[in-house]
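Here is the structure we will look at, set down as structure tokens.
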Amino acid sequence: MGKFSYFKIGIFVITAVVMGVLGVVVLGAGALFQKKSIVETYIDESVQGLDIGSPVKFRGVPVGRVEDITLTSVEYRTRLQYVLVRISISSNMLQFPVNDPSSPALQRELDRGFRIRMAAQGLTGVAYLEADYLNPERNPPLRIDWRPRYPYIPSTRSRITQLSDAVERILRNIEEINIPQITASIERSLTAMTQLANSANLDKIGVQASALLNELRATNRQIGTLVSDPELKTAIADASATAGRARQIIERAEKPVDQLLADLPQATDSLNRLVKRLDSVASDLPQTSAELRQTIQRMNRLIAGQQRDIEQTMNNLRAVSENMKEITENSKKYPAQTLFGGPPPPTKSMQR
């Protein structure tokens, strides 16, 4: 009975082991027969926490694992002390080939900023590699002086390294600050301000400020009175009406002015024609002046020849004028004589 029980136990153990092996084979068959590509990257920082077999993730999705970790000086002839990390990536996980270093598609993705960097899994200190697209200008590839054996994917510094570098820069700037000098400057400034406050006549300044405020209040009241004055409103209204009338006058004057401007070319043409005529007359003026001079000379000779007759005629006209003056005076004094003539001569009987 005991032997039979041991036999059953042995069969059960063997069956369990076989089933476990088969399960491992079945579950890992996909990984064993899956096609992978080997790429390498170089990291210029500590890889503490990163081990062979650590996962490689693209935006949180596993795409491969770490296959080898060493120094670049071990694999290549160089004096650059980078950490060389070789990675196996599943070929069907990324949409571009990584197994051909001369592939234009791979180079295009690298130019877009495809980079690898270290990342930490929580606070345990276990690290993994993270692949993502970063700013290519702020994350340029490391300088290398050898030809990589496998396709090369550039790396960039991890967030922890960037944070520690920023903290170091801040601490270095703080160390460069001259705290004693700043404290002494502040103390001197406070002393100078205290002396200025003590030397200032604050009472007098307060009185002057109060007087200034009173003047401002009085000025404000005067401005309010001026603004509320009816005469000012009337003046503004009159000014507005005057401006309106001036605008009307200008609008009415626009048409004559426009007509004048329109007639100006015609007037200019007429003036040009008149000037041309004056020029032609001026050209004939010497001949006309000579003829006029001859005529005047003839008139002088004629007047000189008839001067005596003219004088006699003038004397006769003067005598006639005197006679006419006498007749006029007599007609005023004796109008009957002028109308009916002189009285008849007296008779003899009247003389007796």
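Each value in this text was obtained by applying a stated rule to the coordinates, not by laboratory testing. Predicted model only: the values in this text are computed from it and were never measured. All Cβ positions, glycine included, derive from the backbone under ideal geometry; neighbour counts span all protein chains shown.
A few remarks follow.
- For VAL63, neighbours were defined as the other residues whose beta-carbon sits under 12 Å from its Cβ, and their charges (Lys and Arg +1, Asp and Glu -1) total +2.
- When peptides 153-162, 212-221 are sorted by average Cβ neighbour count within 10 Å, with the highest value leading, the order is 153-162, 212-221.
- Two-site label geometry, ASN316 and PHE7: point separation in nm, points 7 Å out along Cα→Cβ: 20.5
- Stretched out straight at 0.36 nm per residue, the stretch from THR183 to LYS276 would grow longer than its current Cα-Cα span by 23.8 nm.
- Gain in span if fully extended, SER91 to ARG77, counting 0.36 nm per residue against the direct Cα distance: 2.0 nm
- Debye-formula intensities of region 33-159, expressed as log10 I(q)/I(0) at q = 0.16 Å⁻¹, are -0.76 (one equal scatterer per alpha-carbon, no solvent).
- Protection proxy ranking of 163-171, 91-99, 132-140, 112-120, by the mean of other Cβ atoms within 10 Å over each peptide's residues and highest first, is 112-120, 91-99, 132-140, 163-171.
- Scoring 9-15, 105-111 by mean Cβ neighbours within 10 Å over their residues and listing the highest first yields 105-111, 9-15.
- Cα centroid separation, region 176-194 to region 87-154 (Å): 53
- Exposure proxy for VAL47, VAL17, VAL66: other Cβ atoms within 10 Å of each Cβ, ordered fewest to most, give VAL17, VAL47, VAL66.
- Remark: spin-label model distance SER102-ASP238 equals 10.0 nm, labels positioned 7 Å along the Cα→Cβ axis.
- Figure legend: label point modelled 7 angstrom from the Cα of MET193 along Cα→Cβ; residues of region 160-187 with amide N under 20 Å from it are 179-187.
- Fully extended contour minus Cα-Cα distance, from LYS57 to ASP44, at 0.36 nm per residue: 2.7 nm
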